[in-house]
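J.: Dropping a structure here in structure tokens format, bear with me for questions.
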Amino acid sequence: MTLSERTAYLKGLMEGMKIDTETNEGKLFQAIIDTLDDMALTVSDMEDVVDAVCDELDSIEEDLDNIEDYLLDDEDDEEDEDDEDYDFNDETIYEVKCPTCGTVINLDEDMLDAGSIQCPDCGEELEFDADDLEEEPF
């Protein structure tokens with residue numbers, strides 16, 4: 001039974017008991033029942049607002065989950081691309097940029113020991129000194 005229904009029951013009970021609303025006790029009972037009725041309506045309105053807010057929060061949560069899934073998929077794709085670009089082994093990897101075409105070339109220790117390499121894109125002979133290279137953190 002809802003609060004509104006209980007208040008209506010009390011009104012009916014008071015009328016059924018034929019309580020005279022002109023006496024002091026009758027006026028008191030009537031005021032109490034009117035106050036309970038107002039409170040029941042206020043609580044009912046609050047429940048409606050809470051339900052609407054909960055529905056909106058559920059919608060926002062779904063949107064945030066979709067955004068999170070989208071962003072995590074992008075990060076996974078970027079990590080996969082990075083994995084393809086580099087050969088992850090126990091050797092240290094260095095990056096060298098070709099001054100002619102701008103291609104970035106990844107070097108391991110063996111390539112560095114050779115002292116030079118041909119650019120795979122333009123064929124430019126790249127000579128380097130190990131002291132000039134910065135180690136890439138992985």
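J.: Can you give the accessible area of LYS97, probe radius 1.4 Å, in Å² rounded to 10?
T.: 140
J.: Let me ask another. Check ILE93: other-chain or 5+ apart residues with amide H under 5 Å from its amide H, H built from backbone geometry?
T.: Amide H to amide H, under 5 Å and 5 or more residues apart or across chains, ILE93 pairs with GLU136.
J.: Separation between the VAL53 and GLU125 pseudo-spin-labels, each 7 Å from Cα along Cα→Cβ, expressed in nm?
T.: With each label point 7 Å from Cα toward Cβ, the separation is 7.6 nm.
J.: Once both labels are modelled 7 Å past Cα along the beta-carbon direction, what's the GLU62-THR42 spacing in nm?
T.: So the two model labels end up 3.4 nm from each other.
J.: Under 5 Å between amide hydrogens, which residues at least 5 positions from LEU126 or on another chain qualify, with H placed 1.01 Å from N in the peptide plane?
T.: Under 5 Å from the amide H of LEU126: ILE117, GLN118, CYS119.
The values are calculated or read from the model by the stated rules, or taken from the named source; none is laboratory data. Since the structure is predicted, the reported quantities are computational estimates derived from the model, not experimental observations. Backbone-built Cβ (ideal geometry, glycine too); neighbour counts: all protein chains shown. We work out accessible area using only protein heavy atoms, side chains counted, and drop any ligands, DNA or RNA first. Shrake-Rupley method; radii C 1.70, N 1.55, O 1.52, S 1.80 Å.
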